[in-house]
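S.K.: One structure, as structure tokens, below. Some questions next.
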Amino acid sequence: MNVYCDNAATTRMSKTAVEAMLPFLYDNFGNPSSLYSIGQRAKEALEAARADVATVINAKPGEIYFTSGGSEADNQAILSAAAQGEKKGKKHIISTAFEHHAVLHTLNALKKRGFEITLLDVHSDGVVTPEQVANAIREDTCLVTIMYANNEIGTIQPIKQIGEICRSKKVLFHTDAVQAAGHVPIDVEDLNVDMLSMSAHKFHGPKGTGALYARKGVILTSLINGGAQENRKRAGTENVAGIVSMAAALKEAAGQIGENGKKPISLRNRLIAGLGEIPYGELNGDADRRLPGNVSFCCEGIEGESLLLMLDDKGISASSGSACTSGSLDPSHVLLAIGRPHEVAHGSLRLTLDADTTEEEIDYVIASVKDVVSYLRNMSPLWRDLVNGKRQHVFAK
Amino acid sequence: MALYSEKVMDHFRNPRNVGVIEDADGVGEVGNPVCGDIMKIYLKIDNETISDVKFETFGCGSAIASSSMATELIKGKPLSEALKLTNKAVTEALDGLPAHKLHCSVLAEEAIKAAVKDYYDKNGIAYDPKDFPDCDHCESCGV
Ligand SMILES: Cc1ncc(COP(=O)(O)O)c(C=O)c1O
């Protein structure tokens with residue numbers, strides 16, 4: 001059986017998204033900036049896509065800027081707020097310890113330019129509180145940037161309440177909604193956000209296409225200089241096929257959210273319950289305030305990469321936050337941020353489902369993970385020491 | 001290109017000599033849980049020759065494959081020869097390892113040396129400590 005359980009890494013394009021894209025690769029290949037008909041047809045499609053994306057998140061079309069993906073949107077949002085802040089001598093930014101590197105590395109670059117960065121603690125449940133944000137805001141704070149949902153452990157942040165605080169203190173608020181868009185409802189008015197990033201390939205659209213929502217009045221800095229595209233905020237001939245496809249994918253995904261939708265909350269809970277039977281394993285992050293498709297576990301006594309390789313042999317595609325899978329010496333900063341010790345973070349497993357995942361597949365995944373974990377534990381000297389009481393368990397059971 | 005060579009995957013999928021020798025003559029353990037890999041080698045020694053060897057490993061695919069290959073390379077060999085096993089020989093026998101995984105083969109070499117040293121210590125056999133570097137000389141993990 002082949003089960004793709006890495007939808008947080010990327011998703012398969014939906015048929016709708018593929019079909020939406022095709023006409024703009026061949027028949028309507030024109031440049032939206034050209035005045036003749038095939039150019040203008042592309043322009044119309046581009047603007048229709050903008051309106052569609054805007055509608056899904058309750059924004060206005062003029063507030064949507066298409067980008068090359070989530071990373072670019074994050075960079076642009078943060079660097080824009082920083083540029084405006086700098087002009088007013090406001091060089092303090094608030095974020096969290098477990099943001100995506102597209103955010104953290106941008107903040108690091110700003111730090112080198114003299115900005116002060118406060119990274120809020122995300123606690124063992126993987127959720128920041130609005131109070132933490134309220135307490136961290138200072139006179140010179142120019143931006144709060146907090147992700148909507150975490151990409152590794154799936155926890156959802158109290159964006160609306162944080163937005164209220166930022167609004168009342170007149171501080172710009174950006175949220176990286178790359179993992180949330182198309183998976184949970186997003187209404188930028190209700191959420192009080194000023195900027196929001198999304199990426200098409202996380203909701204069954206194409207890779208290399210994303211969008212930045214920037215509320216009217218927010219001044220964006222152009223990261224790519226050149227032509228006048230995207231209201232002069234993002235030069236370069238538009239990726240028309242990708243953008244049209246993203247809009248179609250987002251509409252489709254958003255339509256599947258909710259009680260009547262086929263989103264996999266019950267399957268997610270089945271998977272959490274099944275993996276919960278593994279002794280000395282624990283769910284990462286809050287069990288309820290999490291994305292419908294995210295399951296993230298840490299298991300004592302094993303290492304994540306060997307777990308992934310063995311699951312791959314069984315047809316299961318998953319991911320881990322172990323050092324060996326990240327290519328660095330340390331395990332994932334997200335797992336460390338929620339207080340997992342290194343030795344446990346190395347044994348992490350992330351399974352991210354989509355609306356097409358079936359109950360049979362979930363049961364197969366549960367059985368396979370259990371098999372592989374006990375196989376690897378059987379050859380693990382660390383596990384032997386834990387069983388013999390030579391080392392202390394991290395988890396209670 | 002795949003992450004690992006066919007050889008690595010073969011030794012990872014079908015590791016040779018996994019297990020424990022209860023009455024081992026020498027046991028060596030290197031690595032630590034914080035770094036994400038621990039290798040433990042058990043040796044049975046007859047007439048200064050490795051008559052049996054088993055390993056247990058906590059670690060990534062290349063750590064498991066390196067231990068498996070290393071045990072194959074020393075099984076049945078005189079101790080003097082086993083002590084000459086280098087991480088390079090383990091890596092070559094595996095048809096190479098990705099650069100950031102080379103330390104797995106270093107661990108395998110060290111685990112074997114640690115097991116032989118344990119045997120020497122237990123039996124009061126003299127040796128030159130220079131031949132037995134400890135974990136500290138290597139910079140692969142930040143601990
Ligand atoms: C939370 C989060 N932010 C940003 C990104 C980057 O998005 P993209 O791959 O489209 O640049 C990702 C995806 O990897 C993500 O999960």
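The values are calculated or read from the model by the stated rules, or taken from the named source; none is laboratory data. Every value quoted in this text rests on a predicted model; they were computed, and no experiment measured them. For neighbour counting, all protein chains shown are included, and Cβ atoms are generated from backbone atoms with ideal geometry for every residue, glycine included.
S.K.: Considering every residue within segment A:377-386, establish whether at least one is within 25 Å of A:His183 (Cα to Cα), touching a Phe, Trp or Tyr at 6+ places or on another chain (Cβ under 9 Å) and at pLDDT 95 or above.
M.R.: No.
S.K.: While we're here: Return the residues of segment A:110-137 that are at positive phi and touching a Gly at 6+ places or on another chain (Cβ under 6 Å); say none if nothing qualifies.
M.R.: If the condition is that a residue be at positive phi and touching a Gly at 6+ places or on another chain (Cβ under 6 Å), then A:Gly126 is the only one that fits.
S.K.: Do we have any residue at all in segment A:193-206 that's assigned by TED's automatic domain parsing to the domain that holds A:Ala81, of a type outside the set (A, V, I, L, M, F, W, C), more than 15 Å from the ligand (Cβ to nearest atom) and at pLDDT 95 or above?
M.R.: Yes: segment A:193-206 contains one or more residues that are assigned by TED's automatic domain parsing to the domain that holds A:Ala81, of a type outside the set (A, V, I, L, M, F, W, C), more than 15 Å from the ligand (Cβ to nearest atom) and at pLDDT 95 or above.
S.K.: Name the residue that is surrounded by the most Cβ atoms within 10 Å (Cβ to Cβ), counting only residues in segment B:35-70 that are farther than 22 Å from B:Leu97 by Cα and either within 9 Å of chain A (Cβ to nearest Cβ) or in contact with a Pro (Cβ under 8 Å, 6 or more places away or on another chain) (or both).
M.R.: Checked segment B:35-70; the qualifying residue surrounded by the most Cβ atoms within 10 Å (Cβ to Cβ) is B:Ile50.
S.K.: Please enumerate the residues belonging to segment A:106-121 that are farther than 13 Å from A:Thr145 by Cα and surrounded by fewer than 18 Cβ atoms within 10 Å (Cβ to Cβ).
M.R.: Those that are farther than 13 Å from A:Thr145 by Cα and surrounded by fewer than 18 Cβ atoms within 10 Å (Cβ to Cβ): A:Asn108, A:Ala109, A:Lys111, A:Lys112, A:Arg113, A:Gly114, A:Glu116, A:Asp121.
S.K.: Any idea how many residues of segment B:115-135 are more than 19 Å from B:Lys44 (Cβ to Cβ) and under 19 Å from the mean Cα position of the chain (by Cα)?
M.R.: 7
S.K.: Counting only residues that are surrounded by fewer than 18 Cβ atoms within 10 Å (Cβ to Cβ) and more than 11 Å from chain B (Cβ to nearest Cβ), how many does segment A:284-313 have?
M.R.: Of the residues in segment A:284-313, 4 are surrounded by fewer than 18 Cβ atoms within 10 Å (Cβ to Cβ) and more than 11 Å from chain B (Cβ to nearest Cβ).
S.K.: Please enumerate the residues belonging to segment A:207-220 that are β-branched (Val, Ile, Thr) and either within 14 Å of another protein chain (Cβ to nearest Cβ) or near the ligand (Cβ under 10 Å from one of its atoms) (or both).
M.R.: A:Thr209
S.K.: Quick one: count up the residues across segment A:314-344 that are outside any loop (DSSP other than H, G, I, E, B) and facing chain B (nearest Cβ under 7 Å).
M.R.: 4
S.K.: Looking at (1) within 16 Å of the ligand (Cβ to nearest atom); (2) out of contact with any strand residue (DSSP E or B) (no Cβ under 7 Å at 6 or more places or on another chain); (3) on the phi > 0 side of the Ramachandran plot, which one does A:Asn151 not meet, given that it meets all the others?
M.R.: (3)
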